């Protein structure tokens with residue numbers, strides 16, 4: 001079974017907004033066994049939307065639209081599709097009340113514009129929006145499934161998972177294509193490819209890989225019946241795990257921070273952080289995980305030497321002798337955080353994120369990450385490239401991986 | 001003049017890789033005065049590529065392909081397009097030598113597969129690749145410009161800027177389209193539209209809006225000759241600034257954190273942060289800005305009450321009386337950070353990011369942000385929705401806006 005994705009919005013076409021919905025929907029459709037045939041972005045323009053619909057209709061059984069369900073005049077997805085299918089738009093009184101309530105709660109009167117968000121195509125089912133005023137809708141029309149979703153990712157994603165996924169499962173009774181993604185870290189793309197080449201003699205399904213900062217993701221594609229696809233993927237996963245070991249930290253929707261949280265909680269360990277060049281990004285990645293307050297005690301962002309001395313108790317002489325960006329300072333920051341927050345584990349990060357501040361001896365991209373776990377404290381040195389944001393990101397990913405490996409090693413004792 | 005973007009690759013269609021090339025190319029084309037009509041992603045499949053080419057040919061003068069120029073069997077962009085246009089592929093001996101040299105330098109013999117990367121369509125010009133073995137190519141065919149670019153962004157971006165941009169400038173001698181984005185915050189999308197509607201009597205160019213968390217971006221589209229487009233945009237900007245005032249924080253590539261950094265540096269003010277529910281995100285946004293170490297003294301991430309007492313000097317009785325999520329605690333956190341780091345301004349954030357921890361009195365999404373500037377300390381209360389990550393993001397944006405407004409107000413004294 002095939003799907004077409006049609007993302008509507010001048011803001012995407014002009015490059016103002018990255019289209020993160022397309023990737024999310026593609027991953028979800030694949031895991032429901034539905035292949036994405038084509039993914040397109042069209043303007044806020046009735047004719048363009050209708051042309052895209054007609055084209056998708058020729059090829060695919062599932063057609064998903066995103067965007068253009070807002071209250072403003074350039075939001076015309078609803079009108080364009082209803083007109084193309086010859087369907088009337090009817091007012092959903094219950095949803096209108098919800099919109100009204102949404103504004104009342106915020107102490108604002110509902111602007112008249114928002115009224116049109118309660119219109120849905122006759123015959124379609126309304127999909128509730130937990131995070132905004134634009135409902136989605138889903139329609140089975142001449143044997144095809146037409147889905148309208150709001151553009152903001154924080155509205156689209158929960159709506160898809162709660163309301164569209166179950167319908168798709170029912171709708172897709174044909175052949176399946178299945179994807180599984182294995183997520184690796186602490187190994188480069190070419191070393192990884194070398195390791196996988198040894199598996200050549202086994203008849204593996206197609207595997208693609210893509211590097212994402214400090215991580216490399218492997219995608220395995222299985223085809224055929226449910227059983228064939230599943231067993232091909234299982235077999236490949238088994239072989240890959242044999243050669244890659246704990247370079248694989250998780251699969252599919254797993255994140256490195258999520259895995260770290262899982263491991264810390266399972267082992268009843270607490271964490272604190274002292275960040276310099278990563279500037280709070282590591283802390284933010286950890287606190288993105290629901291429930292992180294149960295193991296994350298607190299963090300410091302200490303840029304200047306004075307702050308490192310004043311808040312983390314660093315020795316002034318040490319700072320002067322070793323310099324702010326040094327192994328000794330990273331370790332002292334980790335120890336300082338661990339003492340201050342009284343945590344089981346702690347991380348200290350110091351480095352030069354750039355663009356300024358580098359020297360010949362200590363260039364931009366030089367980073368030290370130390371992990372203190374009480375009985376010992378060790379440090380890794382990195383030489384990173386790719387600009388300030390990439391340096392912050394890789395540093396934070398690397399620190400997460402150090403925590404992960406420390407807990408795994410401890411769990412094996 | 002219009003362009004179509006055709007991005008080729010199963011890795012994008014399956015959601016393994018985000019398609020960052022499309023946004024980059026869109027921004028570049030717009031700034032060259034060329035409008036993107038449609039942007040699509042198609043599979044590594046000859047027929048799909050040719051169908052996309054035919055469709056683009058009907059509508060647009062510029063057609064840009066990305067991806068599928070690699071050495072492996074699933075790289076078929078070159079073949080598919082040459083076949084569709086009835087053009088022969090000829091070997092570029094000079095490029096073949098470069099590929100050979102590229103491998104020799106790395107101590108590897110050139111794999112036979114890579115030979116096909118030196119094939120280009122008869123009549124096309126080769127575009128040098130500084131970062132890889134896949135050259136691009138550009139062809140003026142029946143009055144249309146057809147451009148083939150490699151998929152990896154670190155190869156595509158420099159190639160576009162050095163080799164395609166100058167050709168486009170020459171090619172586009174027709175009418176121009178120009179874009180300007182005004183970035184607003186502290187005002188909802190519909191209230192913003194209401195305000196703009198008052199401007200209806202002025203003949204404004206088309207304006208689109210997009211909400212991004214706490215921000216709304218307005219995009220003004222000017223058309224006609226260079227002078228017409230520029231003067232229409234200038235006029236619209238003047239009118240919009242009149243009705244929106246300091247809700248507009250910047251334009252085009254500006255970011256809220258970048259504006260805050262600019263203002264703090266210009267006014268010689270320093271900043272410190274104490275975050276609970278935003279978990280380090282605010283700190284990370286600030287430190288994304290190059291040079292932030294000149295004004296950002298440091299931050300604390302303090303989740304638990306004990307840490308708030310131990311590191312920020314909060315009063316235990318106050319915490320017990322008011323509860324962790326309260327105006328008084330946000331203010332005490334701000335004051336604690338300001339005292340600890342000795343900064344001019346400070347922010348204290350406390351709230352419930354969820355999904356757990358909410359009660360009837362204090363639901364998930366309840367957030368207090370306090371700003372302390374010495375002579376006074378004030379606090380804003382927010383009721384946010386949209387899930388943990390959206391709550392973190394809006395809280396951080398709101399805090400940045402409070403700093404911005406405080407500095408602007410001070411500068412006006």
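Since every read-out is calculated from the coordinates, none of them should be taken as a lab result. Worth saying up front: this structure is predicted, and the values here are computed from it rather than measured. Every residue, glycine as well, gets a Cβ built from its backbone with ideal geometry; the counts of neighbours run over all protein chains shown.
Any idea what log10 I(q)/I(0) is at q = 0.08, 0.10, 0.12, 0.15 Å⁻¹ for segment A:256-412, Debye with uniform C-alpha scatterers and no solvent? Once normalised to I(0) and log-transformed, intensities are -0.20, -0.31, -0.45, -0.70. Extent along the principal axes, Cα only, for segment B:341-407: 35, 20, 20 Å, with the longest axis given first.
A straight line joining the Cα centroids of segment A:343-413 and segment A:304-326 runs 17 Å. In summary, segment B:207-279 shows an alpha-carbon radius of gyration equal to 1.45 times the 2.2 N^0.38 Å reference for compact globular proteins.
Starting from the Cα-Cα distance between residue A:128 and residue A:321, subtract it from 0.36 nm times their residue separation and give me the gain in nm to one decimal. Don't jump to the answer; show the numbers that get you there.
Values: separation 193, 0.36 × 193 = 69.48 nm, distance 6.10 nm.
Here the segment from residue A:128 to residue A:321 would lengthen by 63.4 nm.
Counting only Cα atoms, the size of the protein assembly as shown along its three principal axes is 78, 69, 56 Å, in decreasing order. Relative to the longest principal axis of the Cα atoms of chain B, the long axis of helix B:46-59 makes an angle of roughly 80 degrees. Ratio of Rg to Rh for segment B:118-205: 1.22 [Cα atoms; Kirkwood radius as inverse mean 1/r over pairs]. Based on the Stokes-Einstein relation at 25 °C and a viscosity of 0.890 mPa s, and on the Kirkwood radius from alpha carbon pairs, chain B is assigned a translational diffusion coefficient of 98 µm²/s.
Annotation: the antiparallel percentage among DSSP beta bridges lying fully within chain B is about 60. Dividing the radius of gyration of the alpha carbons in segment A:61-157 by their Kirkwood radius gives 0.96 for Rg/Rh. Working from Cα positions, state the angle (0 to 90°, nearest 10) between the long axis of helix B:93-105 and the longest principal axis of chain B. Roughly 50 degrees between the two axes. With respect to chain B, whose longest principal axis is taken over its alpha-carbon atoms, helix B:256-266 is tilted by about 60°. Entry note: segment B:90-131 has Rg to Rh equal to 0.98, where both radii use alpha-carbon atoms and Rh is the Kirkwood radius.
Based on every Cα atom in segment B:111-264, Rg and the maximum pairwise Cα distance Dmax equal 21.4, 66 Å.
What the Cα atoms of segment B:324-364 give is an Rg and a Dmax of 12.5, 38 Å.
Computed from the Cβ-Cβ distance with R0 of 60 Å, the FRET efficiency linking residue A:254 to residue A:359 stands at 0.95. Spin-label model, residue B:262/residue B:375: points 7 Å from Cα along the beta carbon direction are separated by 2.5 nm. Run a plain Debye calculation on segment B:1-53 (Cα atoms as equal point scatterers, no solvent) and give log10 I(q)/I(0) at q = 0.20, 0.23, 0.32 Å⁻¹, rounded to two decimals, same order as the q list. Once normalised to I(0) and log-transformed, intensities are -0.72, -0.87, -1.17. Averaging the sequence gap over all C-alpha pairs within less than 8 Å and six or more residues apart, then dividing by the number of residues, gives chain B a relative contact order of 11 percent. Residues of segment A:15-32 with the amide nitrogen closer than 13 Å to a label point 7 Å from the Cα of residue A:165, along Cα-to-Cβ, please. It comes to A:25, A:27-32, nothing else. From helices alone, the protein assembly as shown scores -12500 deg cm²/dmol at 222 nm; the rule is -39500 (n - 2.57) for each run of n ≥ 4 DSSP H residues, then divide by the residue total. Volume of the convex hull of segment A:176-251 (Cα atoms only), normalised per residue: 76 Å³. Each principal axis of the Cα atoms in segment B:61-114 has its own extent, and those three values, largest first, are 42, 21, 20 angstrom. Taking the convex hull of the alpha carbon positions in segment A:2-171 and averaging its projected area over all directions gives 9.2 nm².
Using Cα centres only, tell me the gap between segment A:65-114 and segment B:227-297 in whole Å. Centre-to-centre (Cα) distance: 32 Å.
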